[in-house]
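The block underneath contains the structure these notes are about, expressed in C-alpha cells.
All of the numbers you see were taken from the coordinates with simple rules; none came from a lab. Just so we're clear, the structure is a prediction, and the values are computed from it rather than from any experiment. Cβ sites come from the backbone with ideal geometry, for glycine too, and all protein chains shown count toward neighbours.
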C-alpha cells in the first residue's frame with residue numbers, strides 16, 4: 001500500500017474529510033490566480049452540534065447507526081409529505097413541510113475539537129454572567145414565552161442577525177451560503193438574514209477596537225488552497241447559534257473578545273470544508289472547533305429573507321401577552 | 001408592459017445614452033473579464049434621499065432633534081424637474097409625506113429598494129465577480145446580486161428586486177423587476193407600486209465618479225416613464241470599508257414600544 005492510498009483510506013475511515021483529502025485534489029483557480037471557492041454551498045441539517053456523550057471520541061456513525069438514521073429520515077420525509085398548513089397546529093413556527101431535514105451523513109457532531117465533540121466548560125465569569133443577565137432571567141435563548149418587551153426575545157426572533165456562526169450553522173430552513181470572489185476580496189452571503197460579508201485579502205489592519213459589529217470585522221488570507229479568515233471586533237450582544245430553532249445546548253452568549261478563525265478548503269469539486277475555531281477565553285475555558293462539510297448545489301437559489309420587514313410575530317407576541325394580562329385582571 | 005409604454009422606455013433609454021455624463025476621453029480600468037471596472041465604495045452627495053424633486057429647507061418631523069432632523073434644500077434629480085404622477089397617486093404621495101415620521105420604510109429600517117438604496121446617506125460597495133455583480137449596502141445589510149447571464153424572471157416580489165444586467169460598451173445596465181412596491185423613493189413620500197420597473201445605468205466617468213441614471217416606469221402610478229440622474233462619489237479613504245448598520249434594534253421602540261408591558265401594570 002502506498003502512503004497516499006493509506007492516507008486516503010484513513011480519510012474515508014474518519015468520515016469527516018480531514019485536510020489530507022485536500023492533497024489529492026487541486027481546486028480550480030480564478031482568472032487572477034486565487035483558489036476558486038465560488039459557488040452555492042447550502043448547509044445540510046441533521047448533524048448535532050455536540051456529540052452524544054456515549055459516542056466518546058468516535059467521529060463517525062457505525063453502519064448500523066447510520067442505517068437507523070436513514071430509516072428515521074425516511075419516516076420523517078413521509079410525515080412531512082402528509083403535512084399541510086391546515087393539519088399543523090397553530091404556532092409561531094412554520095408548517096413542517098417547510099422544514100429542511102437534510103441528507104443524513106455519518107458525522108457524529110459539528111464540534112471536532114475538543115476530541116469528545118462537546119463544548120468545553122464555561123469560565124466561572126461567564127457562568128455568573130449567564131445566571132445574572134436580565135435580572136436573573138438569563139440571556140434570551142430559546143423563547144419560553146416571556147414577552148414583557150422585544151428584548152425578551154433573542155436577536156434572531158428580533159430579526160437583527162443570527163450572528164456570524166449562527167448564519168452558517170444549518171437550521172430549520174433557508175440555509176443558503178454563496179461564495180463570490182474578486183481580486184483582493186471574498187464575499188460570503190448567507191441567505192438568513194440576508195447577510196453579506198465583504199472580506200478584504202489585502203492584509204489591511206482590523207478596525208479600531210472601539211468599533212464593534214455583530215458580524216465582527218473579517219480579514220482573509222490564503223494558506224495554500226485554504227482561505228483563512230480571522231474575525232475580531234465582535235459585540236457581546238450576540239450569541240453563537242442564537243436562534244429558537246437551533247440545537248439543544250446551543251453555545252449561547254459570547255464575549256466581545258471572541259476571536260474567530262475560519263478555514264475554508266475545497267476538498268473536491270462539490271465539497272467545501274468549512275471549519276471554524278472559537279477562541280474566547282472569557283467565555284470558554286478552551287478554544288473549540290466545528291467542521292461543516294458544505295455540498296455544492298448549483299440549483300439552489302438564495303431568496304431574499306426579509307425577516308424584519310415581515311416580522312409580524314413580534315407585534316403579535318407582545319400585543320397578545322398584553323391582551324392575556326388584561327383578561328387576567330378582569 | 002404595453003407595447004406603447006415599452007416603446008416609450010426604449011426611446012427614453014436611447015435618448016439618455018451613456019454620453020450624457022461620460023467624458024469622451026476617459027477609459028476606465030478593466031476588470032479580469034475585460035469589462036469596465038466599476039468596483040469600489042460609493043455614496044451620493046445630493047439631497048435626493050430627502051426629496052427627488054426641488055425642495056426648500058423645512059422643519060423636520062420632530063422638533064426635539066432641532067437642526068439635526070430638519071431638511072436642507074436640494075435641487076431636483078428628476079429630468080424635467082417633476083415626477084409625472086397620475087392625480088390619485090399624487091394625492092397618495094401627499095398622505096405619505098404627512099405620515100412620513102412613522103410610515104417611511106427608512107424610519108422602520110426596511111430594505112430600501114431600488115433606486116433609493118443608491119442615494120441614501122450611507123455608502124455601498126460594487127464588487128464584480130465571475131458569478132455576477134454584487135451590490136452591498138451599508139443600510140440595513142441590504143444587498144443584491146446582478147445576474148449577468150441569461151436574464152431571469154422574478155420568482156416573487158422582493159424589496160431589492162430581480163436584477164438582470166448587461167454591458168452597453170463600458171456602461172453597466174441593470175434591469176430591475178419584481179420589486180414589491182413597498183419601498184419609497186425618498187423621505188418625501190414618493191412611491192411606486194409592485195408594477196415598478198427600473199432600468200439603471202452605471203458609467204464610470206473618471207477615477208472617482210460613477211454617473212448613475214435610472215429610468216422609472218409604473219403605469220399604475222405615473223403618466224409616463226421618467227428618469228433620475230446623479231453622480232456617485234467614490235469613497236477614497238485609505239482602507240475604506242463598509243461598516244455594519246443593522247438598524248433593526250434602533251427602531252424596535254418605534255414599532256413595538258406600544259406593546260411593551262408598562263411599569264406598574
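Which members of region B:142-151 meet the condition of being touching a strand residue (DSSP E or B) at 6+ places or on another chain (Cβ under 6 Å) and at the interface with chain A (Cβ under 9 Å from one of its Cβ atoms)? Step through it out loud before you land on a result.
We begin by selecting, within region B:142-151, every residue touching a strand residue (DSSP E or B) at 6+ places or on another chain (Cβ under 6 Å); these are B:143-148, B:151.
Within region B:142-151, B:143, B:144, B:145 qualify.
Which residues, counting only those in region B:136-172, are assigned to a strand (DSSP E or B) and within 17 Å of residue B:119 (Cα to Cα)? I'd like the intermediate steps shown before the answer.
Residues of region B:136-172 assigned to a strand (DSSP E or B): B:136-137, B:139, B:143-147, B:158, B:162-168, B:171-172.
B:136, B:137, B:139, B:143, B:144, listed by residue number.
Could you check, for region A:299-322, whether at least one of its residues is buried (at least 16 other Cβ atoms within 10 Å of the Cβ), more than 14 Å from chain B (Cβ to nearest Cβ) and either without any contact (Cβ under 8 Å) to a residue 60 or more places away in the chain or touching a strand residue (DSSP E or B) at 6+ places or on another chain (Cβ under 7 Å) (or both)?
Scanning region A:299-322 turns up no residue that is buried (at least 16 other Cβ atoms within 10 Å of the Cβ), more than 14 Å from chain B (Cβ to nearest Cβ) and either without any contact (Cβ under 8 Å) to a residue 60 or more places away in the chain or touching a strand residue (DSSP E or B) at 6+ places or on another chain (Cβ under 7 Å) (or both).
Just to verify a result, which residue in region B:113-132, among those that are in contact (Cβ under 8 Å) with a residue 60 or more places away in the chain and not in a loop (DSSP other than H, G, I, E, B), is farthest from the other protein chains (Cβ to nearest Cβ)? Steps first, please.
Here is the first cut: in region B:113-132, the ones in contact (Cβ under 8 Å) with a residue 60 or more places away in the chain are B:113-116, B:118-128, B:130.
In the following step, the residues that additionally are not in a loop (DSSP other than H, G, I, E, B) were identified as B:116, B:118-119, B:124-128.
Working: B:116: 14, B:118: 16, B:119: 20, B:124: 11, B:125: 6, B:126: 10, B:127: 5, B:128: 6 Å.
Top of the filtered list is B:119.
Examine region B:242-261 for a residue that is assigned to a loop (DSSP other than H, G, I, E, B) and out of contact with any strand residue (DSSP E or B) (no Cβ under 9 Å at 6 or more places or on another chain), and state whether such a residue exists.
Within region B:242-261, the subset assigned to a loop (DSSP other than H, G, I, E, B) is B:242-244, B:246-247, B:260-261.
Next, only the ones that are out of contact with any strand residue (DSSP E or B) (no Cβ under 9 Å at 6 or more places or on another chain) stay: B:260-261.
So far as region B:242-261 goes, yes, one or more of its residues are assigned to a loop (DSSP other than H, G, I, E, B) and out of contact with any strand residue (DSSP E or B) (no Cβ under 9 Å at 6 or more places or on another chain).
Go through region B:210-230 and count every residue that is in a loop (DSSP other than H, G, I, E, B) and either over 16 Å from the mean Cα position of the chain (by Cα) or in contact (Cβ under 8 Å) with a residue 40 or more places away in the chain (or both). Break it down into steps so the answer makes sense when it comes.
Here is the first cut: in region B:210-230, the residues in a loop (DSSP other than H, G, I, E, B) are B:218-221, B:223-225.
Still in the running and either over 16 Å from the mean Cα position of the chain (by Cα) or in contact (Cβ under 8 Å) with a residue 40 or more places away in the chain (or both): B:219-221, B:223-225.
Count: 6.
Right, residue A:228: away from chain B (no Cβ under 14 Å), out of contact with any helix residue (DSSP H, G or I) (no Cβ under 9 Å at 6 or more places or on another chain) and surrounded by fewer than 21 Cβ atoms within 10 Å (Cβ to Cβ) or not?
Values: away from chain B (no Cβ under 14 Å): yes; out of contact with any helix residue (DSSP H, G or I) (no Cβ under 9 Å at 6 or more places or on another chain): yes; surrounded by fewer than 21 Cβ atoms within 10 Å (Cβ to Cβ): yes.
When the stated conditions are applied, residue A:228 passes them.
Could you please find all residues in region B:76-101 being loosely packed, with under 14 Cβ neighbours inside 10 Å and over 20 Å from residue B:193 (Cβ atoms)?
Within region B:76-101, B:80, B:81, B:101 qualify.
Residue check, residue A:278 against (1) surrounded by fewer than 17 Cβ atoms within 10 Å (Cβ to Cβ); (2) in contact (Cβ under 8 Å) with a residue 60 or more places away in the chain; (3) away from chain B (no Cβ under 14 Å), all met but one. Which one?
It is condition (1) that residue A:278 fails.
Tell me which of these residue B:178 doesn't satisfy, since it passes every other one: (1) more than 14 Å from every other protein chain (Cβ to nearest Cβ); (2) over 14 Å from the mean Cα position of the chain (by Cα).
Condition not satisfied by residue B:178: (1).
May I ask you to list the residues in region B:102-112 that are out of contact with any strand residue (DSSP E or B) (no Cβ under 9 Å at 6 or more places or on another chain) and either in a loop (DSSP other than H, G, I, E, B) or farther than 27 Å from residue B:195 by Cβ (or both)?
Filtering region B:102-112 for residues out of contact with any strand residue (DSSP E or B) (no Cβ under 9 Å at 6 or more places or on another chain) gives B:102, B:107-108, B:110.
Within region B:102-112, B:107, B:108, B:110 qualify.
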